[in-house]
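Just so you know, all these numbers are worked out from the coordinates, no wet-lab data involved. Note that the coordinates shown come from a computational prediction; the quantities given were computed from them, not determined experimentally. Positions of Cβ are backbone-derived with ideal geometry, glycine not excepted, and every protein chain shown enters the neighbour counts.
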Amino acid sequence: MSYDAFKVVHIAGVVIFLGNIIVTGVWKVMADRTQDPRIIAYAQRLVTITDWIFTAGGIVLILIGAYGMVFTAGLDPRQSWLALGQSLFIASGVIWAAILIPTQIVQAREARAFAGGGPIPDTYWRQTRRWVIWGTIATLLPLANLYVMVFKP
């Protein structure tokens, strides 16, 4: 593939990835604000599904496009702006893997239990606060990465 073809793959991955993490976060927060167990359970289920399809799919496209461009152009991936970009991407991934995915698993399990309209346990709301705080951080890192990739400081 050419550099430009890898660039298209990379940008498509970024759009899918960032679009999903931002929309999913807003969507989940809005669903939680209803305090309706059925809406929350439905939203929680779809957060999990869209993360698997769009977040993971976006990551794959980002990596294929990024490393394809680096190697096609003969760039050194240790170059300062590329290293910074990779570090931000990895930091976000560590937060997702270590905190957000386990939190979503717990919330999905709890949501299945109250999906029929039962009470929402306090543990769900504690997990929600954790998800919002760490999710915000994990979203700001790729947004900072977008800046780094465009301006190459």
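By the scheme Lys and Arg +1, Asp and Glu -1, what is the net charge of all other residues having a beta-carbon under 13 Å from that of Gly68?
Details: positive: Lys7; negative: Asp4.
Residues close to Gly68 contribute a combined charge of 0.
Comparing Phe17, Thr123, Ile62 along the charge dipole axis of the chain, the residue lying farthest to the positive side is Thr123, per the Cβ-charge model. Comparing mean-square fluctuations of Gln35, Gln44, Gln107 from a GNM of the chain with C-alpha springs under 10 Å, the top value falls on Gln35.
In debye, nearest 20, what is the charge dipole magnitude of segment 59-131 about its Cα centre with +1 on Lys and Arg Cβ and -1 on Asp and Glu Cβ, if you could check?
On the way: 6 positive and 3 negative charges, 42 e Å.
It comes to approximately 200 debye.
The charge dipole of the chain, taken about its Cα centre with unit charges on the Cβ atoms of Lys, Arg (+1), Asp and Glu (-1) only, comes to about 240 debye. The separation of segment 110-152 from segment 32-49, counted between C-alpha centres, amounts to 13 Å.
The residue among Leu143, Ile101, Leu88 whose Cα reaches farthest toward the positive pole of the charge dipole of the chain, with charges on the beta-carbon of Lys, Arg, Asp and Glu, is Ile101.
Let me check against my output: what whole-number percent is the relative contact order of the chain, with C-alpha pairs under 8 Å and at least 6 apart? Dividing the mean separation by the residue count of the chain yields 34 percent. Within the listed set Thr34, Thr50, Thr139, the residue fluctuating most in the Gaussian network model of the chain (springs between alpha-carbon atoms under 10 angstrom) is Thr34.
Can you divide the C-alpha Rg of segment 1-77 by 2.2 N^0.38 Å and report the result to two decimal places?
Details: Rg = 16.5 Å, N = 77, 2.2 N^0.38 = 11.5 Å.
Rounded to two decimals, the normalised Rg is 1.44.
Summarising the label geometry, the points placed 7 Å from Cα in the beta-carbon direction at Met1 and Ala98 lie 3.1 nm from one another.
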